[in-house]
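All remarks here apply to the structure that follows.
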Amino acid sequence: MRKEEHEITAVVIGASGGIGKAFVENLSEMKKVKTVYALSRTETIFENDKIKPYKIDITNEVSVEEAADFCGTGIDIVIVASGMLNNGGGLPEKSLRDIDLSAMQECFNVNTLGPALVAKHFIPRLTKDKKSIFTCLSARVGSVSDNEIGGWYSYRASKAALNMIIKTAAIETSRRYKDAIIVGLHPGTVDTALSRPFQSNVKHEIFSPEKAAGYLLEVLENLKSEDSGKCFDWAGKEIVP
């Protein structure tokens with residue numbers, strides 16, 4: 001990430017997951033990073049004193065607000081690394097006949113509504129006088145124009161909706177935080193519990209969580225204010241909505 005004169009405060013939500021934990025550990029190893037707030041549904045223990053764990057349920061607004069209060073103000077980076085693809089049952093759907101309302105609602109709660117609540121309570125806490133970043137892990141399959149094979153109704157729709165929330169939040173945030181950047185990130189296929197059931201169909205490289213987090217932090221470093229509202233993949237290429 002680009003060198004800054006001040007020490008950086010970062011927040012990672014979904015810190016107990018594969019890529020979330022990799023973000024926490026990667027950030028904590030950077031000299032310029034002062035504090036990493038590691039938020040997750042189950043409080044995770046880290047050995048580095050820079051890392052401050054705390055519990056959060058992103059689908060519960062009281063929990064999100066309490067976590068935001070714990071992290072305070074003057075935050076430089078917020079990374080929402082939580083997500084849901086498979087619920088152990090009917091998700092992701094292969095066809096219309098597989099759509100189940102409760103499963104779809106659960107997917108939207110985790111992938112769309114939860115990040116929206118995090119944006120509501122954490123974006124106002126971003127540092128105002130320097131570059132700051134709020135980012136959520138999105139997915140290339142959330143691109144409407146890139147959808148050529150269908151399927152995965154809930155996951156695709158929830159990520160497409162997330163991308164719209166990111167775009168809308170970026171427009172609003174730019175009016176008060178001139179240096180804030182609100183973006184979505186596509187990490188590629190990462191070797192985590194989320195993707196493991198589907199890896200046999202993957203033809204491209206599968207990244208370790210550590211490698212994916214490293215690539216994405218590099219992307220964040222190179223972003224400029226005019227990139228706010230967009231979605232980028234692990235190589236820094238913009239994903240068309």
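Coordinate-derived values only; no laboratory data. Just so we're clear, the structure is a prediction, and the values are computed from it rather than from any experiment. All Cβ positions, even for glycine, are placed from backbone atoms using ideal geometry, and neighbour counts span all protein chains on display.
Projecting the Cα atoms of Leu216, Leu113, Leu27 onto the dipole axis of the chain, where Lys and Arg carry +1 and Asp and Glu carry -1 at the beta carbon, places Leu216 farthest toward the positive end.
Loop-resident trypsin sites (Lys or Arg not before Pro) (DSSP state other than H, G, I, E or B) in region 1-110 with no more than 13 further Cβ atoms inside 10 Å of their Cβ: Arg2, Lys3, Lys31, Lys94.
Between the helical axis of 209-222 and the longest alpha-carbon principal axis of the chain there is an angle of about 60 degrees. Taking amide H atoms as placed 1.01 Å from N in the peptide plane, the amide H of Cys231 lies under 5 Å from those of Gly184, Ile239, each 5 or more residues away in sequence or on another chain.
Compared with the direct C-alpha span, the chain from Glu226 to Glu43 gains 62.3 nm at full extension, assuming 0.36 nm per residue.
Rounding to the nearest 10 and keeping the result within 0 to 90°, find how far the Cα-based axis of helix 153-173 lies from the longest principal axis of the chain. The angle comes out near 30 degrees.
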